[in-house]
Structures are given as C-alpha cells and as structure tokens.
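See below for the structure under consideration.
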Ligand code: ZN
Ligand code: FE
C-alpha cells in the first residue's frame, strides 16, 4: 500500500492510497490532481471517502465518480450533492480491502466524520479532514467548543503510531501559535525545526502521528497545566475544561 499527499488549491492535500492497481482518494475537492495521479500511476479509482461537506473537500467528487464509477462514502448527517453511502460513527466502510472505522467528529461542521484503520501496511492510519491538523484543529463553523473537544478526545485516544492525514498544510502557522502557548515545550521546538526543514525542501509535513500530536498540539493538550495557565492569562472566561478549550480556539483565531 502506498500513501500519497496530492497538493490541491493553496494548501489542501487530497490523500491517495493505492495497492498498485486500485486506489482510494479522500476529500477530492478538485478532480484534476487525482485524474493526473491515476493516469501517471496506472490506477483504477475504487472508492472516494468524504469527511465533510465543504467544497474544497467535495468539488471533484461528481467528476471522479462519473469518470471512474468509484463508490462514494460520506457523512450521513451532511448534504453532499452526489449519491453516496451514508456513514455514521461506529460504521465500518470497506475500501481497498480495508475496514475503515467511522468516528463522529462534529465541531468544524455538524456532521464531520473521520476514517480510521488499525493496520494499513503495518501501521494505523487516520483520515481526519479538517478536524485535527498538525499543531492545530479546525475552525468551529457549525459545532460548539464542547463538541470539538470531545471529537479531539476521541481522535487522541487512537494509538500513538497512527499516521494522521490532515486535509491542509497549516503546520508551520499552527506551530508558531503552539510555541506562543507553550514556550517551554521542547518536543514542540524540535518538531517545529523538523517541519521547517521539510517545507524548505518543498515536502509535506504530513502525515504526522498521534504520538507527536499529543506531545505538541495545544488543542490536544488543553488540560495540561502549562496550557491551561497560558489560556487563563489571556481570557478571564476560561474556567472549566470546555471554556479553556473555547478560549484557546478563540486565541488562535486572532493570533498573528
Ligand atoms: Zn472544511
Ligand atoms: Fe478544508
């Protein structure tokens, strides 16, 4: 199995997984980079996995489905303008011979889902759309802070070796914010240097792993005393774990 991040738009990644013959793609907001990769590698598109309804994740679905006949999976609680197999938390979607466990992760959108498989060529794999980013999390467009915190808790509980396939290359900006929240976090400083090197070489910083994210991502660390204290110094409203998380998200929204 090979995993490839296809760049699209300014900073999206369309994740392509293939076995040398059949392929699946996650959140194809644009059909062109997927068509090019399928042609170049001689692959047949078998499945399309959609995490949420935003156009930068769904814009290429109709064209790819029309051209290839691929089966489309998507979140049962969202509207996607294509026929698709509706999934909710606890369902298992079969694609490329792999069972993908569906996890409900509302927050960025109301019905956002993530796809997890425990063993893809020897390691767990997570497609989390715009819920978890390396060093950050998605904006709360439709959900509440309590929902997003619970969604991130569900993802954070997956194995440390899980490869985290996020839908955007936001890592360097996120890590600048993370360093402002936790200036004393050495794992974070190390990871930031590593990611700066990757970007300087034009390479993706993704996939990350859950082990790394638990050590460096302030949105998975909002209950750590250092993070809680930093947030409280910014916002008097930050009292319990949900209001601390909400204030952390708010701080990031205004961080430059
Ligand atoms: Zn989105
Ligand atoms: Fe997006």
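No value in this document is a laboratory result; all are computed from the given coordinates. None of the values given here were measured: they were computed from a predicted structure. Counting neighbours? That spans all protein chains shown, and the Cβs are built from the backbone with ideal geometry, glycine included.
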Residue 128 fails exactly one of (1) touching a strand residue (DSSP E or B) at 6+ places or on another chain (Cβ under 9 Å); (2) more than 16 Å from ligand 2 (Cβ to nearest atom); (3) outside any loop (DSSP other than H, G, I, E, B); (4) within 22 Å of residue 50 (Cα to Cα), namely (2)
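Out of the residues in region 157-173 meeting the condition of being over 14 Å from residue 135 (Cβ atoms) and touching a residue at least 60 places away in the same chain (Cβ under 8 Å), tell me which one is farthest from ligand 1 (Cβ to nearest atom).
Across region 157-173, the extreme among qualifying residues is 163.
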Can you tell me how many residues within region 103-152 are surrounded by fewer than 22 Cβ atoms within 10 Å (Cβ to Cβ), within 16 Å of ligand 1 (Cβ to nearest atom) and within 27 Å of residue 195 (Cα to Cα)?
2
Please go through (1) within 19 Å of residue 116 (Cα to Cα); (2) within 16 Å of ligand 2 (Cβ to nearest atom) for residue 47 and return the number of the only condition it doesn't satisfy.
(2)
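Just to verify a result, which residue in region 134-158, among those that are in a loop (DSSP other than H, G, I, E, B) and within 17 Å of residue 111 (Cβ to Cβ), is farthest from ligand 2 (Cβ to nearest atom)?
First, pick out the residues of region 134-158 that are in a loop (DSSP other than H, G, I, E, B): 134-135, 138-144, 157-158.
When the remaining residues are screened for being within 17 Å of residue 111 (Cβ to Cβ), the result is 138-144.
Numbers: 138: 8, 139: 10, 140: 14, 141: 10, 142: 13, 143: 15, 144: 19 Å.
So, considering only residues that are in a loop (DSSP other than H, G, I, E, B) and within 17 Å of residue 111 (Cβ to Cβ), the one farthest from ligand 2 (Cβ to nearest atom) is 144.
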Across region 15-31, which residue is farthest from ligand 1 (Cβ to nearest atom) among those that are in contact (Cβ under 8 Å) with a residue 60 or more places away in the chain and surrounded by 21 or more Cβ atoms within 10 Å (Cβ to Cβ)?
18
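Rundown of residues vs (1) assigned to a loop (DSSP other than H, G, I, E, B); (2) over 28 Å from residue 25 (Cβ atoms), yes/no style:
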| site | (1), (2) |
| --- | --- |
| 160 | yes, no |
| 165 | no, no |
| 187 | no, yes |
| 190 | no, yes |
| 195 | no, no |
| 199 | no, no |
| 219 | no, no |
| 228 | no, yes |
Looking only at region 175-195, how many residues end up being touching a residue at least 60 places away in the same chain (Cβ under 8 Å) and either surrounded by 15 or more Cβ atoms within 10 Å (Cβ to Cβ) or in contact with a strand residue (DSSP E or B) (Cβ under 7 Å, 6 or more places away or on another chain) (or both)?
3
